[in-house]
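K.L.:
Handing you a structure now.
The values are calculated or read from the model by the stated rules, or taken from the named source; none is laboratory data. Only a predicted model underlies this, so the values are computations on that prediction, with no experimental measurement involved. Please note: Cβ atoms are built from the backbone with ideal geometry, for glycine as well, and neighbour counts cover all protein chains shown.
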Amino acid sequence: MSTASLNGLDGPIPDASRATSGRVPGNKGIWVGICCEFVEFLVLFVVYFVARAHFPEAFEQGAARLSRTAGTTITLLMITSSFFIACSVATMRVGRRGASLAWLVAGLLVALGYPVAKWLEIQWNLAQGINGDSGIFFTVYYYLTFNHLVHAVWGILGILWVLARHLAGGYSAEDYGGLEALASYWHATDIIWLVIFPFFYVLA
Amino acid sequence: MTPTPESANLRPLIFAWLTLVGLTVLGNQLGTLLHDAAWLQVMVAGIVWLKGYLVADRFIEMRAAHPFIRNVLRAFIAFAPLALVATAFFGARLARWATL
């Protein structure tokens, strides 16, 4: 079975002949970064679970005080920008450069909604008297979500860089490793948010 | 003559995105309806795993990736759901183990 049919995509995936050993999406460097990112957040998740085990009431009550609308908005922004950037890679793979650029710009615009939504959420929190000193739940919440925001901002800067290279004709159907590396980082950052979201906004 | 670009089949990506949106809405509804039920954490853990798997499988194309990358993704995606279930049922024991 080819990797293309395996993924349900029509376009050829480079290095499909290496399907048995597998390919590296993007490049090895970005996967070193993604692994470091995963390790960092695994440590933070352990902090969350230890704190939750020690103070279950604080975590149940804390989640109810946060804006679930804000958390849901950020979740929808992350999965939608991730989807748009996946479409950018898929269209570049079949040589549709214009469509790939359009999907990437759409991904960037939606991704920019994340820091805006976070800023509005923090203003809302402060209006409710919620800050980093409001208890163990909110300390862990601010630490984890700000950390994720920092990683997302790096991703947005990466999208801008890849967009500049794309506009300059830096990618083709045969060579789009940089675009796919950025996409892999953004998807990994998306996966991390999908874990964080229920920690603080759903499990009330 | 310039070759005509092929069309990309985006349907699997669209399906994955719609499923992710649906699971987000479902998770929110469960959080509202089940509120403090212990097994809310089990259901949320299942949704977290499924959403992470969808992004890894459809967007990163995990199944075609190098085994090391596949294993890293699978392990990371499984960690939080397993820890959620462990905290739901063995929270007090976990707190004792983690006490200095």
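K.L.:
Give region B:27-39 a look and list any residue that's surrounded by 15 or more Cβ atoms within 10 Å (Cβ to Cβ) and either more than 7 Å from chain A (Cβ to nearest Cβ) or among the charged types (D, E, K, R) (or both), or say none.
P.N.:
B:Leu30, B:Leu34
K.L.:
Which is in contact with a strand residue (DSSP E or B) (Cβ under 8 Å, 6 or more places away or on another chain), buried (at least 22 other Cβ atoms within 10 Å of the Cβ) and modelled with pLDDT of 95 or more, of B:Leu73, B:Leu20?
P.N.:
Only one candidate passes the filter, namely B:Leu73.
K.L.:
Would you confirm whether or not region B:81-93 contains a residue that is touching a strand residue (DSSP E or B) at 6+ places or on another chain (Cβ under 8 Å) and within 7 Å of chain A (Cβ to nearest Cβ)?
P.N.:
No - not one qualifying residue is present in region B:81-93.
K.L.:
OK, next. For region A:164-178, check the following and say yes or no: at least one residue is under 27 Å from B:Asn28 (Cα atoms), over 13 Å from the mean Cα position of the chain (by Cα) and assigned to a helix (DSSP H, G or I).
P.N.:
no
K.L.:
Is it the case that region A:149-164 has a residue that's touching a Pro at 6+ places or on another chain (Cβ under 7 Å) and either buried (at least 24 other Cβ atoms within 10 Å of the Cβ) or on the phi > 0 side of the Ramachandran plot (or both)?
P.N.:
No; the residues of region A:149-164 include none that is touching a Pro at 6+ places or on another chain (Cβ under 7 Å) and either buried (at least 24 other Cβ atoms within 10 Å of the Cβ) or on the phi > 0 side of the Ramachandran plot (or both).
K.L.:
Quick one: which of A:Thr75, A:Thr91, A:Thr80, A:Thr69 is farther than 29 Å from B:Leu30 by Cβ and within 14 Å of chain B (Cβ to nearest Cβ)?
P.N.:
Answer to the selection: A:Thr91.
K.L.:
Hey, another quick one. Quick test of your reading of the structure: B:Ala8 fulfils all but one of (1) over 13 Å from the mean Cα position of the chain (by Cα); (2) crowded, with 17+ Cβ neighbours inside 10 Å; (3) at the interface with chain A (Cβ under 8 Å from one of its Cβ atoms); (4) part of a helix (DSSP H, G or I). Name the failing condition by number.
P.N.:
Checking B:Ala8 against (1) over 13 Å from the mean Cα position of the chain (by Cα); (2) crowded, with 17+ Cβ neighbours inside 10 Å; (3) at the interface with chain A (Cβ under 8 Å from one of its Cβ atoms); (4) part of a helix (DSSP H, G or I), the one that fails is (4).
K.L.:
Could you list, in sequence order, all residues of region B:25-61 that are β-branched (Val, Ile, Thr) and under 13 Å from A:Asp190 (Cα atoms)?
P.N.:
Result: B:Val48, B:Val55, B:Ile60.
K.L.:
List every residue pair whose Cβ atoms sit under 6 Å apart, with the two residues 6 or more apart in sequence or on different chains, where the first one lies in region A:90-108 and is in contact (Cβ under 8 Å) with a residue 24 or more places away in the chain and the second, anywhere, is charged (D, E, K, R).
P.N.:
Close Cβ pairs (under 6 Å, with a partner that is charged (D, E, K, R)) amount to A:Val94/B:Glu6.
K.L.:
Quick check: is even one residue across region A:121-134 within 21 Å of the chain's Cα centre (by Cα) and either under 28 Å from B:Gly46 (Cβ atoms) or away from chain B (no Cβ under 14 Å) (or both)?
P.N.:
yes
K.L.:
In region A:119-150, which residues are part of a helix (DSSP H, G or I) and touching a Ser or Thr at 6+ places or on another chain (Cβ under 7 Å)?
P.N.:
Across region A:119-150, the qualifying residues are A:Glu121, A:Trp124.
K.L.:
Sort out which residues of region A:155-186 are touching a residue at least 24 places away in the same chain (Cβ under 8 Å), over 11 Å from A:Met92 (Cβ atoms) and among the hydrophobic types (A, V, I, L, M, F, W, C), and write them in order of number.
P.N.:
Within region A:155-186, A:Ile156, A:Ile159, A:Leu160, A:Leu163, A:Leu167, A:Ala181, A:Leu182, A:Trp186 qualify.
K.L.:
Might you let me know whether region B:43-65 holds any residue that is in contact with a strand residue (DSSP E or B) (Cβ under 8 Å, 6 or more places away or on another chain) and facing chain A (nearest Cβ under 7 Å)?
P.N.:
Yes, region B:43-65 contains at least one residue that is in contact with a strand residue (DSSP E or B) (Cβ under 8 Å, 6 or more places away or on another chain) and facing chain A (nearest Cβ under 7 Å).
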